[in-house]
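The next block holds one structure in the form of structure tokens; read it before the comments.
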Amino acid sequence: MTHVRFLIAGLFFTFSFLFLSNPVKAAIVVVNGLSHLYEVVPGETYRGVIEIQNTNDTDQAVKLYQRDYHFVYTGESYYEEPGTIERSNAKWIDVSPSYLVLKPKEKKLIAYEIKVPSMIPLTGTFWSVIMVETEAPIDTDKLQNGLTIQTQLRYAIQIATTLGKTGERNLTFNNANVVKEDGQRMLAVDIENKGDFLFKPDVNVELYDQEGNPVGVLTTSRKKLYPKTSARFLFEMKDIPAGTYQALILADCGESDVFGINLTVEVTDD
């Protein structure tokens, strides 16, 4: 691996629960984004808001709570008790209120405060999530009407705080293989952030044939990589003929942080 020293949503997911009633429609949306990033200094206090709206025609109850969040390249995401992971900032954050009811079409601002510790040396990125979860009431009058599905929405608002400039910056390329995804031939590149800072790399693959002639440049969407997390980056290869290629994979993280690796890629007609 070559480290070239030329020298950072969100997400939401739903769960469905079975009840004996008619469907209950949950319609809370987060208006101002699912990822809040801060450059901070020790001992200082920072304030932000989460703006939510009830787009439904009925009242909607909402509760808020905190979780630690991390993920791996195989696709699993983990939401654990606050303070579980090494770089959690959940204990720095206070959220108020933790429960509220929105009237139909109503918008509200939920305030949070970040108090960065001052007594311990800190560098790099620390993060956690604020969960915004709907609470649809069970209508006991309709419990005898039959089986239905009640949908419960959860949004995970990422709160990331970065301190300082010194510290380890290190992306590692763990695997690079040609795979099939939804019937399409793809180059899968697994990248792990072994450093101290949040990166959102722009990853490209330059392909060359055996004579060193350029074949093409493969691109993909960017993904966040928090410290000690990993993600799989997929590159379409449907227009690449079968053969053996030399690949230069570059992950450009901005400023002067560029990481790279050279490897051989075998493309077959399978």
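Values as computed for the structure displayed
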| quantity | calculated |
| --- | --- |
| Around Gly216: net Lys/Arg minus Asp/Glu count, Cβ-Cβ under 10 Å | -2 |
| Within-9-Å neighbourhood charge of Gln53 [Cβ basis; K, R +1; D, E -1] | +1 |
| Around Thr134: net Lys/Arg minus Asp/Glu count, Cβ-Cβ under 9 Å | 0 |
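FYI, it's all coordinate maths here, none of it is from the lab. Bear in mind that the values here come from a model prediction, so they are computed numbers and not experimental data. Here Cβ is always computed from backbone atoms with ideal geometry, including for glycine, and neighbour counts include all displayed protein chains.
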